[in-house]
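The values are calculated or read from the model by the stated rules, or taken from the named source; none is laboratory data. In this text the structure is predicted, and so the values were computed from the model without any measurement. Here the Cβ positions follow ideal geometry from the backbone for every residue, glycine too, while neighbour counts run over all protein chains shown.
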Amino acid sequence: MAKVNIKIDGQDVICDAGSTILEAAQSAGIYIPTLCYHSDLIPDGVCRVCSVEVKGQRTLCAACCFPVSDGMEVMTHTPKVREARRMIVELMLANHPGECLTCSKNQKCELQKFAKELGISDIRFKGERRQYDIDASSPIIRDPDKCILCGRCVRTCDDIQSVGALHPAYRGWETLVVPGLGGELADVVCVNCGQCINRCPTGALKAKDPAPEIWEAIYDPTKHVIVQTAPAVRASIGEEFGLPPGTRVTKKMVTALKMLGFDRVMDTDFTADLTIMEEGSELIKRIKEGGVLPQITSCSPGWIKFIEYYYPELLPHVSTCKSPQQMFGALAKTYYAQKMNIDPKNIVSVSIMPCTAKKFECERPEMYSSGYKDVDYVLTTREAAGMMKEAGIDLPNLRESEYDDPFGMSTGAAVIFGNTGGVMEAALRTAYALITGRELEKVEIEDVRGMEGVRETTIQIGDLPVKAAVAHGLANARQVLEGIKSGRFADYAFIEIMCCPGGCIGGGGQPQPTNEEIRKARARAIYEEDESMTIRKSHENPAVQKLYEEFLGHPLSHKSHELLHTHYTPRERRTIRRSEETSKPKTTKADSSKKVKVD
Amino acid sequence: MVFAPRVEDKGTAAFILHRQMNIESQTVHDTTYGGAIHVSSSNSDHADSAVMTIINKYGCDQRNMLPLLHELQAEVGYLSPEIMEAVAERLGTTVGQVHGVATFYSLFSTEPKGRYVVRLCDSPPCHIEGSKAVLEAVKAELGISEGETTEDGMFTLETVSCLGLCGVGPAMMVNDDVYGNLKPEMIPHILAGYREEN
């Protein structure tokens, strides 16, 4: 690519032609503050916090979207720039509730950060503040008072997820980011992925936190409280305690959860292995018996809700397997309850997930197959860390301990479920063995790894070439689904789709901030965890084998179908209208006919 | 390719322009939001046939959104949730995008209005010429405030940004009729004329 020479604050910078001032500055290690800019998103240049002075330009330029040109001279902190930045942030603060101490984003808020960086000690402007009701209708809570209208959530939902649940509406002072037609989030097409939360610079978006109910259950002597931890959580929860992204804290996390008072700390990885047994067997059955192919994975509840809304005609492609979380839930209140001789009604089943969509999933009416609510509460990684902090647990310095039986044993194949491509890799490791009766020599399947939006591979299993594809992020999923409709994937056997960028490691419940570098670090940690495991293929998990022996019989058995498989519901993409009031004329104050006066 | 399909253009000089072009070219990839070329989905069932005739008259090009919404509002009087959904479906965009446009422009309404919509300009030129007193006169005459509709459904009162009639401010429109050089005492007479029409 052609290079250009520019000067930033007197420093010579050589950068790619066509890059922005911000990108050029970042490549040279020069900091320019940004607010509406996010490295995952196309810049919009609406907040102007990144304003810089460019020699020859009449006005300040937004560095995030102003392209460089040869010989350009950029000044990032002239008095004019600093004054403008200050003014912008002061105006935002003038219309911002000063609830920092009790805000979910306290100490992680980007607005708070700028207020400090710019040395704002007084808000000069006093005036009206916008006040709106909090929308707690869905697992994602909106607090419009804290919204600074940067539009990151809108771009996330549009560009990364192609859902478009949130959109700016109204005008001027009244401008507001609203779901659909301006109602509540639960009423519109939203898949609860939580990617908007991850990119919100303030506390305007957060997830519904069930910690109070869980604390109560833990300290209720009649309740047996068990917890499961998803694969991706172990590679990220350390970040909440200041550890660098990609630090594996699996066994310390187990200790922390035991210290919190959970009666059993078990692993979603166990049911991830089980998922592979069921889903792999389903795939082999579909291939042998001429079922609907390609089969698509079903672990990601945001993805499931997406296909239910947008491509219900393709639902027969989706595996009937429940997600590992829900398999765990169903077994906890059946097999585990029997084994432990505990009345399932006294079991409180908690899961710690990198995901906000799991909060919706556990409420689905299909998820009561044990006769009880299979999973009672879902905590995100952030919320689980919150409980630990509340209890004064200093995770990085804890001793290590092991997961509890009977759902504590897992394999390397299960832990990679946390990465995009991981379910595919785990499934191929097992499918190869189930079909050929031999084991793969090299278990790492590099073609399905990485951060490309859609990846494809062909694996030779015996004399059967199995074509497979992987997609992450719903905009990429949409491409694949369009491909299925147009016949491009007609000869593919298996497709893995994960709702969030990077897979679960980039989930909507993960520590903030998020960007590709952080996601890559977490993904690396997950692969390291896999390499560190003695058993790396799901079908070799002795605890899973024992479960089949003692309880389920065999994969796809009647009992498996009862507990581990589910069905899907096509959803109308129409805004739910709870009240028809909005379509009636507004207030009437007086009867105009009484006042008729004719000169 | 990175995970967000349009991010791949990041780093080229034209990417901002490209984003705009991409929005326009969604007409070509009409499936971007699962929008159907022919409106036949359940969303449209809720809009009546006159509305569907108008919607189908326009192409799937998002650039047609404004004229389409204008014509629908003229036909129905306001842009109902059903209409916005049908338009989104037709243009292959989200209902939020249509709602955003419909609530941004003051000449669109997402709520039913009276038979006569009184739009009084409150931009600075009209303000200097005394639009505030005219507004008070209208409010007193109709017994409602801005944004409200009289109980008999006859009048809706709105203040709007510039009507482009600054030369004859204060200015007002009642439906398509234009009034300029207004004085408060002219208001009862003007409004009485509309009452008499019925």
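Among the residues of this structure, A:T457 does not count as one that is in contact with a His (Cβ under 6 Å, 6 or more places away or on another chain) and on the phi < 0 side of the Ramachandran plot. A:R488 - would you say it is surrounded by 22 or more Cβ atoms within 10 Å (Cβ to Cβ) and away from every other protein chain (no Cβ under 12 Å)? Taking the combined requirement at face value, the residue does not satisfy it. The stretch A:130-232 holds no strands (runs of 3 or more DSSP E) entirely within its bounds that carry 2 or more residues that are of a type in the set (D, E) and in the same structural domain as A:I42 (by TED's automatic domain parsing).
Kindly indicate whether any position in the stretch A:38-57 is farther than 24 Å from A:R199 by Cβ and in contact with a helix residue (DSSP H, G or I) (Cβ under 8 Å, 6 or more places away or on another chain). Among the residues of the stretch A:38-57, at least one is farther than 24 Å from A:R199 by Cβ and in contact with a helix residue (DSSP H, G or I) (Cβ under 8 Å, 6 or more places away or on another chain), which makes the answer yes. May I ask you to verify whether B:S145 is free of Cβ contacts under 8 Å to residues at least 24 places away in the same chain and among the hydroxyl-bearing types (S, T, Y)? So B:S145 fits the description; yes.
Anything in the stretch A:479-499 that is of a type outside the set (A, V, I, L, M) and outside any helix (DSSP H, G or I)? List them, or say none. Let's see the steps before the verdict.
In the first step, residues of the stretch A:479-499 are kept if they are of a type outside the set (A, V, I, L, M); the result is A:479, A:482-483, A:485-489, A:491-492, A:494, A:496, A:499.
Matches in the stretch A:479-499: A:G487, A:R488, A:F489, A:D491, A:Y492, A:F494, A:E496, A:C499.
Applying a threshold of 8 Å to beta carbon distances and a minimum spacing of six or more residues, or different chains, the list of pairs starting in the stretch A:170-185 at a residue that is more than 9 Å from every other protein chain (Cβ to nearest Cβ) and farther than 12 Å from A:C147 by Cβ and ending at one that is crowded, with 16+ Cβ neighbours inside 10 Å and of a type in the set (K, R) reads A:L185/A:R142.
Residues in the stretch B:85-105 that are over 17 Å from A:V154 (Cβ atoms) and at the interface with chain A (Cβ under 7 Å from one of its Cβ atoms): B:E85 only. Being among the basic types (K, R) and in contact (Cβ under 8 Å) with a residue 60 or more places away in the chain: is that true of A:R449 here? In short, yes. Within the stretch A:1-22, the set of residues being within 14 Å of chain B (Cβ to nearest Cβ) and surrounded by fewer than 20 Cβ atoms within 10 Å (Cβ to Cβ) comprises A:M1, A:A2, A:K3, A:V4, A:D16, A:A17, A:G18.
Once the stretch A:500-519 is narrowed to residues that are in a loop (DSSP other than H, G, I, E, B) and surrounded by 24 or more Cβ atoms within 10 Å (Cβ to Cβ), the residue that is farthest from the other protein chains (Cβ to nearest Cβ) is A:G509.
B:Q73 meets all of the listed conditions (1) surrounded by fewer than 23 Cβ atoms within 10 Å (Cβ to Cβ); (2) within 13 Å of chain A (Cβ to nearest Cβ); (3) of a type in the set (S, T, N, Q) but one, namely (2).
Counting only residues that are within 12 Å of chain B (Cβ to nearest Cβ) and either on the phi > 0 side of the Ramachandran plot or not acidic (D, E) (or both), the stretch A:27-45 holds 8 of them. Across the stretch A:215-238, the number of residues qualifying as of a type in the set (V, I, T), surrounded by fewer than 24 Cβ atoms within 10 Å (Cβ to Cβ) and in contact (Cβ under 8 Å) with a residue 60 or more places away in the chain comes to 2. For A:L149, the conditions (1) surrounded by 22 or more Cβ atoms within 10 Å (Cβ to Cβ); (2) within 14 Å of chain B (Cβ to nearest Cβ) are fulfilled apart from (1). A:V54 falls short on exactly one of the conditions (1) loosely packed, with under 13 Cβ neighbours inside 10 Å; (2) touching a strand residue (DSSP E or B) at 6+ places or on another chain (Cβ under 6 Å), and that condition is (1). Just one of (1) of a type outside the set (K, R); (2) at pLDDT 95 or above; (3) touching a strand residue (DSSP E or B) at 6+ places or on another chain (Cβ under 7 Å); (4) under 23 Å from A:P542 (Cα atoms) fails for A:N346. It is (4).
Take the residues in the stretch A:433-454 that are in a helix (DSSP H, G or I) and β-branched (V, I, T), then tell me which one is nearest to the other protein chains (Cβ to nearest Cβ). Spell out how you get there, then give the answer.
Step one: filter the stretch A:433-454 for residues in a helix (DSSP H, G or I), giving A:433-436, A:446-448.
Checking which are β-branched (V, I, T) leaves us with A:435-436, A:448.
Numbers: A:I435: 31, A:T436: 33, A:V448: 15 Å.
Only one residue tops the list, namely A:V448.
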